[in-house]
Amino acid sequence: MRLVVGLGNPGEKYAHNRHNIGFMAADEIVRRHNFSPWRAKFQGELSEGSIGDEKILILKPQTFMNESGISVVQVTKFYKIPTADIIVLHDELDLVPGKVRVKRGGGHAGHNGLRSINSAIGDDYARVRLGIGHPGDKDRVTGHVLNDFAKADAKWLEPLLAEVADNIDLIFLQKDADFMTNVARAIAPITKKNNNQEQD
């Protein structure tokens, strides 16, 4: 059994925030792979299903971002899931919008959700870093991540979430490079077109 954790803040107020792209990716996996309906459990929302031969749990902690580890550790203990069998989907300021990177292990780089998870279970898990871009000034970071995506962002955001969901099994297979290549190939024409339009 594997665990995929989408990070975000609970409640309609935060639903479309950049900080909630992890929740959005988790929702897309559940939709595209016909997982079970979300149910409240372990201080989170939990869904289950299968991708290929793998049984997968999807978790959206409802503890707010900076206490995500509380929910994650409850699930891992109950289902006896090794840390190495966990994938965390989260927003990444240091990547341009639409860029995706996979990282295994290491520090939290100031991300409060990752900081909480590292404290709860250690850092030996895979992270799917979903680029939301940096506002350019550290004093504007909080406002940036807690603001909603712009309507124009849907052009790259929706296909990005779809590609992440369709290719998530590659990360279970340790094929991180293939995952990133497949997502980048699908998103590149969209982000390139957007960049060209911005320059015009």
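The values are calculated or read from the model by the stated rules, or taken from the named source; none is laboratory data. All figures in this text were calculated on a predicted structure; none of them were measured in a lab. We place every Cβ from the backbone using ideal geometry, glycine too, and count neighbours over all the protein chains shown.
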Residues that are of a type in the set (A, V, I, L, M, F, W, C), touching a strand residue (DSSP E or B) at 6+ places or on another chain (Cβ under 6 Å), in contact (Cβ under 8 Å) with a residue 12 or more places away in the chain and closer than 25 Å to Glu48 by Cβ: does segment 112-127 have at least one? yes
If I ask for residues that are surrounded by fewer than 16 Cβ atoms within 10 Å (Cβ to Cβ) and either within 16 Å of the chain's Cα centre (by Cα) or assigned to a helix (DSSP H, G or I) (or both), which ones from segment 39-66 would you list? Asn66
Looking at segment 134-149 only, could you name the residues that are without any contact (Cβ under 8 Å) to a residue 60 or more places away in the chain and surrounded by 12 or more Cβ atoms within 10 Å (Cβ to Cβ)? His134, Pro135, Arg140, Val141
Within segment 15-38, the residues that are farther than 15 Å from Asp169 by Cβ and surrounded by fewer than 18 Cβ atoms within 10 Å (Cβ to Cβ) are Ala15, His16, Arg31, Ser36, Pro37, Trp38
Restricting segment 135-155 to residues that are at pLDDT 90 or above and over 11 Å from His19 (Cα atoms), the residue that is farthest from the chain's Cα centre (by Cα): Arg140
Cβ-Cβ distance below 7 Å, separation of 6 or more or different chains: which pairs start in segment 66-79 with a residue that is more than 16 Å from Ile56 (Cα to Cα) and end on one that is among the polar types (S, T, N, Q) and in a helix (DSSP H, G or I)? Asn66/Asn112; Asn66/Ser116; Glu67/Ser116; Ser68/Ser116; Gly69/Ser116; Gly69/Ser119
Considering segment 154-165, residues that are surrounded by fewer than 18 Cβ atoms within 10 Å (Cβ to Cβ) and not aliphatic (A, V, I, L, M), and then whichever is farthest from Asp91 (Cα to Cα), we arrive at Lys155
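Which one of these is under 19 Å from Ile29 (Cβ atoms) and more than 16 Å from the chain's Cα centre (by Cα): Leu160, Leu173? If you could, list the steps in order and put the result at the bottom.
Details: Leu160 fails: more than 16 Å from the chain's Cα centre (by Cα).
Among Leu160, Leu173, only Leu173 is under 19 Å from Ile29 (Cβ atoms) and more than 16 Å from the chain's Cα centre (by Cα).
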For segment 77-91, give me the residue count where each residue is surrounded by 23 or more Cβ atoms within 10 Å (Cβ to Cβ) and not hydrophobic (A, V, I, L, M, F, W, C). 2
Just to be sure before I move on: is Ala109 surrounded by fewer than 21 Cβ atoms within 10 Å (Cβ to Cβ), in contact (Cβ under 8 Å) with a residue 12 or more places away in the chain and not hydroxyl-bearing (Ser, Thr, Tyr) in the structure I sent? yes
List the pairs whose first member sits in segment 1-22 and is within 20 Å of Lys55 (Cα to Cα), whose second member is among the hydrophobic types (A, V, I, L, M, F, W, C) and surrounded by fewer than 20 Cβ atoms within 10 Å (Cβ to Cβ), and whose Cβ atoms are under 8 Å apart, counting only residues at least 6 apart or on separate chains? Met1/Ile81; Arg2/Ile81; Arg2/Phe172; Leu3/Ile81
